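Just below is one structure, and these are the notes that go with it.
Since every read-out is calculated from the coordinates, none of them should be taken as a lab result. These numbers were taken from a predicted model, which means no experiment stands behind them. When we count neighbours, we look across all protein chains shown, and the Cβ atoms used for this are built from the backbone with ideal geometry, even at glycine.
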Amino acid sequence: MSPLTCQLAVPHGFFTRQGGVSKGPFASLNCSFSGADDRANVVENRARIAAHFGVPAGHLLELKQVHGTTVVTAAAAWPVGAGPDGDAIVTTSENLALGIITADCAPVLFADTQAGVIGAAHAGWRGALAGILEATADAMRRLGAQNIDAAIGPCIHQPSYEVGADLRDPVLAQNPTAETFFASGRPGHWQFDLPGYCQYRLQQAGIAAAILPHDTCADEQNFFSHRRRTLRREPAIGHQISVIKL
């Protein structure tokens, strides 16, 4: 279990699907309670990740992610698997690890090391369009953050992400200059650059963000992917987790 890391100067990791105990389509480091995986396997997988960060298993937090813009400020742990609805968490606590579950959406980790504030956000195209990344930065600033760095973790990348007008039209209706994130595809379809769009949104909010180059849909060995499952009409998949801690 060796998570991917980047330039963020706090403990963090973008975990792959390797290093857990789950079986079958959830093999092996599935960290989502929302699927059909054995709960005991998910608990063990998450306990291993918590141990990696030196916190009790119950201090690795997660949310019921809903593709919205709700940001939860965490001061204490909540029961395992019973996080509130939301798509981002921020904290100033050194005793908590913040987790984001994904299987193609972008996990985005934030840190202001000088102020001692961190955040983690789940950004699919709907959440990014609605403003979840900016809302996370605003919540961190309310906690005292001033110089925020961010990293966009493994997610679906443009070559794998064919979309229709139902995605393209609302993105361009909000900001026509976002046309640059759509490459031409087959008639009536485009290839969408989700991590590039997230990076652009963060830049507009005054935050520099690195993009990890890993395409979850294209790399079956290392990542779960909702798009890959859908294309293959498979019944179930797991989800990876990305974590940050002060």
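Here are the numbers for this structure:
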read-out: The stretch 31-73 - Debye-derived log10 I(q)/I(0), Cα point model, q = 0.17, 0.19, 0.22, 0.24 Å⁻¹; value: -0.56, -0.67, -0.81, -0.89
read-out: Given 16 as the ceiling on other Cβ atoms within 10 Å, longest exposed-site-free region of the chain for GluC sites (Glu not before Pro) in DSSP loops; value: 95-219
read-out: Sequence-distant residues sharing a close amide H with Ala123 (under 5 Å, placed H); value: Ala106, Val108
read-out: Given charges at Cβ of Lys, Arg, Asp, Glu: the stretch 48-192 dipole, positive-most of Ala135, Ala120, Ile101; value: Ile101
read-out: Cα radius of gyration and Dmax for the stretch 81-160 (Å); value: 12.7, 39
read-out: Within the stretch 59-145, percent of DSSP bridges classed antiparallel, to nearest 5; value: 65
read-out: Over the stretch 105-246: Rg over Rh, Cα atoms, Kirkwood Rh; value: 0.99
read-out: Share antiparallel - DSSP beta bridges, the chain, percent rounded to 5; value: 75
read-out: Listed residues Gln146, Gln158, Gln221, most fluctuating in the chain (Gaussian network, C-alpha, under 10 Å); value: Gln221
read-out: Karplus-derived HN-Hα couplings along the stretch 187-202 (A = 6.51, B = -1.76, C = 1.60, θ = phi - 60°), whole Hz, x at Gly and Pro; value: x, x, 9, 9, 9, 9, 8, 4, x, x, 5, 5, 4, 4, 4, 5
read-out: Matching label, volume of the Cα convex hull per residue in Å³ computed from the structure shown, candidates (i) 123; (ii) 146; (iii) 110; value: (iii)
read-out: Between the stretch 151-208 and the stretch 22-96, the Cα center-to-center distance that results, in Å; value: 28
read-out: Where trypsin sites (Lys or Arg not before Pro) fall in DSSP loop in the stretch 1-110, at most 16 other Cβ within 10 Å; value: Lys23
